[in-house]
Amino acid sequence: MNQPVIIAENLRKEFGRVVALRGVSFQVEEGAFFTIFGRNGAGKSTLLSIISGMASATDGRIRVFGEDPGERTHRHRLSVISHESFLYDNLTALENLAFYGKLYQVENLNERMHAVLDQVGLHHRRFDLVHTFSRGMVQRLTIARAILHNPDLFLLDEPFTGLDQHATEMLIGLMDDLKSQGKTILLTTHDLQIGLRLSTSFMLLERQRVVETGTSDGLTAELLREKYFSLVKTSEAGQ
Amino acid sequence: MNVIWAIIRKDFQMEFRTKESITAMWIFSLLIFVIFNFTFEISRLLLLQISGGLLWVAFIFSGMLGLNRSFQVERENGNLRGLSLTPADPGLIYFGKFLSTTFFMLIFEALIFPLFIIFYDIQLSLVTLWIIPISILGTLGFTSLGTILSAVAIHTKQQQILLSLLLWPLITPIIIWAVKTTGDVLAGELSAAFQPVMVRMLVFDVIFTTISYLLFEYVVQE
Ligand SMILES: Nc1ncnc2c1ncn2[C@@H]1O[C@H](COP(=O)(O)OP(=O)(O)O)[C@@H](O)[C@H]1O
Ligand SMILES: [Mg+2]
């Protein structure tokens, strides 16, 4: 039995009078590909920032690798990819990686940088400034930055936002790779199709609550969509 | 230590490449000097009395430009969030940003000071050398507060307005002290108040650097 990488119990988050999470509980096993579905405002991003330790819950309990993420002890084991690249436009690809590599204290940084640049197909552009890159290339460098320190847990917050078909496929390919390497992946998306294609288990957030959890086996996007809309209706009727 | 150097190095790499801050700062300071030198017909004596203030207007306003730029690059692609997701101690990240803006301002001040000397025809003597510790103390006071407040303001839409509103009242004492001691130096004669004022600046710097270091972790949290 694998030890759960993430344990969330009754998480609640308030921003003043706005409630972003209303008692959310779930677990993510090691090596799982866990997708969180939900509409805009459902609370997905808030949940990820609590898991990454960027925000603290108003109430409830969260453990990541057995520790409170606010303690920052496991920062080197996790990586966040969102629609923000965290890259510096006026640094070259290599300089960006060198910078983050130092902050993560990556060993054999030089070799590692070249390896990840190769992996995302940007090695020939390593001396070019990021602001000369296309959106797809920025995304690839973002991925290189995210895998540079070889983390065990990936938090991906709507990473497909603004990507074209090609970049989307590339990102999906990467996630498949990570999955087969046994990495634990947490993805948030409103795209049922892509989410189901990748995930081993999923959770549905609606109005800051968990309305459904399950494994993705045998589930099609159509089935999930039907289920989703009936749940949304119930939740709306209950308001 | 590695973290601090990584940040300083990165900031300087970017600045030397774009020269965005330094250009804006130069133009701004030149304007101030030119305006006060040629526009107003003021007596030489009066000019000497206000020149310390003029110099610090140039330093601080240029510093504002540099500071804004320094945090704008941490904001463009969510970089500050990226930094706080790394295992690096937030205090060290603060120190890196703080030192890079400080070094940057000091280099700029060293470049602009000779120009100021020429524009205002200041008599040089050994006393003039005191401008070095004064600039360092005054600049540290400005950047220690400026760095933490920029980090606070980074999450808000009206970043620059908020920054000025918070920063000005807090740095007023250190600017007054810096102008006062600079006035002594430019006049070529240190007054009795010189030393105690220098000590006050030092204390101010130590206090605000420490507070900022301790607060930075909470500032970058959401
Ligand atoms: N920093 C914040 N301040 C105030 N309200 C917030 C903040 N972040 C999120 N919220 C609110 O919390 C709810 C959940 O937001 P979020 O987690 O971003 O949802 P999602 O990522 O699923 O779209 C929304 O109603 C949103 O407006
Ligand atoms: Mg979101």
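Rule-based calculations on the coordinates, nothing more; no lab input. On a predicted model such as this, the values are computed, not experimentally measured, just so you know. With ideal geometry, Cβ positions are generated from the backbone for all residues, glycine too; neighbour counts draw on all protein chains shown.
Odds and ends about this structure:
- Kirkwood-Stokes translational diffusion coefficient of region B:128-175, alpha-carbon pairs, 20 °C, 1.002 mPa s, µm²/s: 186
- For B:Arg17 and A:Phe15, a Förster radius of 25 Å and the Cβ-Cβ distance give a FRET efficiency of 0.05, rounded to the nearest 0.05.
- Largest GNM mean-square fluctuation among B:Met25, B:Met198, B:Met14, using chain B with Cα springs under 10 Å: B:Met14.
- Three-way shape label, region A:1-88, alpha-carbon gyration tensor, a/c 1.5: rounded
- Around A:Leu141: net Lys/Arg minus Asp/Glu count, Cβ-Cβ under 12 Å: +2
- Cα-centred dipole magnitude for the protein assembly as shown, charges only on beta-carbon of K, R (+1) and D, E (-1), debye, nearest 20: 400
- Cβ-based net charge around A:Leu196, under 12 Å, with every Lys or Arg adding one and every Asp or Glu removing one: 0
- Packing order of peptides B:46-55, B:130-139, highest average first: B:130-139, B:46-55 (average count of other Cβ atoms within 10 Å over each peptide's residues).
- Cα-based helix-to-principal-axis angle, A:221-237 vs chain A, degrees rounded to 10: 50
- Between 0 and 90°, nearest 10: helix A:109-119 axis offset from chain A longest Cα axis: 70
- Shape call, region A:40-90: gyration tensor on alpha carbons, a/c limit 1.5: oblate
- Chain B: Rg to Rh, with Rh as the Kirkwood radius over Cα pairs: 0.99
- Using the Cβ-Cβ distance between A:Lys227 and A:Asp191 with R0 set to 22 Å, the FRET efficiency from 1/(1 + (r/R0)^6) comes to roughly 0.90.
- Residue (of B:Ser135, B:Leu166, B:Leu106) at the positive-pole extreme of region B:105-215, dipole from beta-carbon charges: B:Leu166
- Counted by Cβ distance under 13 Å from A:Val19, the other residues give a net charge of +4, where Lys and Arg count +1 and Asp and Glu count -1.
- Cα-based helix-to-principal-axis angle, A:93-103 vs chain A, degrees rounded to 10: 70
- Taking trypsin sites (Lys or Arg not before Pro) across region B:114-222, the ones in a DSSP loop with at most 14 further Cβ atoms lying within 10 angstrom of their Cβ are B:Lys157.
- Peptide A:101-108 has a mean of 4 when you count, residue by residue, the C-beta atoms of other protein chains within 10 Å of its C-beta.
- Residue by residue along B:53-64, Cβ atoms of other protein chains within 10 Å of the local Cβ number 0 on average.
- Taking A:Asn96, A:Asn110, A:Asn150 in turn, the Gaussian network model of chain A (Cα-Cα springs below 10 Å) assigns the largest fluctuation to A:Asn110.
- Lysine pair count for chain A [Cα-Cα under 25 Å; pairs on different chains or 8 or more apart]: 7
- Chain A: most fluctuating residue of A:Arg22, A:Arg61, A:Arg72 per GNM, C-alpha cutoff 10 Å: A:Arg72
- Relative pair counts by distance (%), Cα atoms of chain A, 5 Å bins: 1, 6, 14, 17, 19, 16, 13, 8, 4, 2, 0, 0
- Considering only B:Ile50, B:Val34, B:Gly63, and ranking their Cα positions along the charge dipole of region B:9-63 that arises from unit charges at the beta-carbon of Lys, Arg, Asp and Glu, the one farthest toward the positive end is B:Gly63.
- Cα-projected label distance for A:Gln165 with A:Ile7, points at 7 Å along beta-carbon direction, nm: 4.6
- Subtracting the Cα-Cα distance of A:Glu30 and A:Thr132 from 0.36 nm times their residue separation leaves 32.9 nm of extension gain.
- Label positions at A:Thr234 and B:Val127, each projected 7 Å from the Cα along the C-beta direction, are separated by 8.5 nm.
- Taking the convex hull of Cα positions in region B:55-158, its mean projected area over all directions (nm²): 7.4
- For the protein assembly as shown, diffusion coefficient by Stokes-Einstein and Kirkwood Rh (Cα), 4 °C, 1.567 mPa s, µm²/s: 52
- If R0 is taken as 25 Å, the Cβ-Cβ distance between B:Ile107 and B:Val206 corresponds to a FRET efficiency of 0.65.
- For B:72-81, mean number of other protein chain Cβ atoms within 10 Å: 5
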